[in-house]
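Contents: one structure, followed by commentary.
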Amino acid sequence: MQPLVTACSIVLVMSLAGCAQTPPPKAAGATVEIVPVVEPQGLPSDWKQVATSIDLDRIARIGAAWNDGLAEARARRHDGEIQKEGALLDPAGALPRPAVPPGTYRCRVIKLGVGASGRGRAYQSFKPFTCFVSVEERLLVFIKATGTELPAGRLWEDGETRLVFLGATAARPGIPAPAYSAQPARDRSGVIERVGDFRWRLVSPWQSKDARIEVMELVPDTPPPAPVVAPSAG
């Protein structure tokens, strides 16, 4: 696949997944330009034909990641923060029609659980960064453009309430991310769900060293105007 390029205040080049099958293991006022990428011929329509066995297992156990992450956060007295986020941190909060419209988004990460180390904070919330969603032939593409972790990849349809994200993480801004499955340590997977009007989440289970589950909130960088309701006759 040719690299996908976005320009913010700096140029970020994210080379997205090559989709080869592999055995088991805000910037305010920014000018955004997304150059489409030519999709490889013969790309499978089913994400399960693309995902590695590790990511198949991660996504299959997403319910356990939710349970463990929330339980550990609540045990350390973070129930108030969880309740404040509403549907964002509700495992059953997914709504129909999960496709994310192309555009620029503010993406805010919350991490739940203490991770494999068993130490550290069980609830972590970070400031918003800049993300993009674009269209690449028949698939949506997600890119996180700023921050310390920079995942980028494709979004695959998977039922009525979620999309599956398969991608990889760049080492730092300005250099290409490896193709999906080329460097398993950098692979990134998860599901995108709609949890409200103009509000989505990217949920990544069992991938962060310091959390059970990572939830990234996506809201439009410039929310659309409120609809105008015509007055009733009378």
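Per-residue HN-Hα couplings for region 60-66, Karplus 6.51 cos²θ - 1.76 cosθ + 1.60 at θ = phi - 60°, whole Hz, x for Gly and Pro?
Per-residue couplings from phi come out as 5, 9, 5, x, 5, 5, 4 Hz.
Given labels modelled 7 Å from the Cα in the Cβ direction, how far is it in nm from A87 to S125?
With each label placed 7 Å out from Cα toward Cβ, I get 1.9 nm.
Going down the table (K111/K209; K84/K209; K84/K144), which pairs top 20 Å between alpha carbons?
Listed pairs above 20 Å: K84/K209; K84/K144.
Tell me, what is the FRET efficiency for D197 and K48 to the nearest 0.05, using R0 = 45 angstrom and their Cβ-Cβ distance as r?
Values: r = 30 Å, r/R0 = 0.68.
Plugging the Cβ-Cβ distance into 1/(1 + (r/R0)^6) gives 0.90.
Enumerate the calculated ³J(HN,Hα) couplings along region 181-198 in order (Karplus 6.51 cos²θ - 1.76 cosθ + 1.60, θ = phi - 60°), each rounded to whole Hz, writing x wherever the residue is Gly or Pro.
So the Karplus estimates, Gly and Pro as x, are 6, 6, 10, x, 5, 9, 4, 9, 9, x, 10, 9, 9, 8, 10, x, 5, 6 Hz.
Every read-out reported here was derived from the displayed coordinates using simple, explicitly stated rules and does not represent laboratory data. The structure presented is a predicted model; accordingly, all values stated were derived computationally and were not measured. We place every Cβ from the backbone using ideal geometry, glycine too, and count neighbours over all the protein chains shown.
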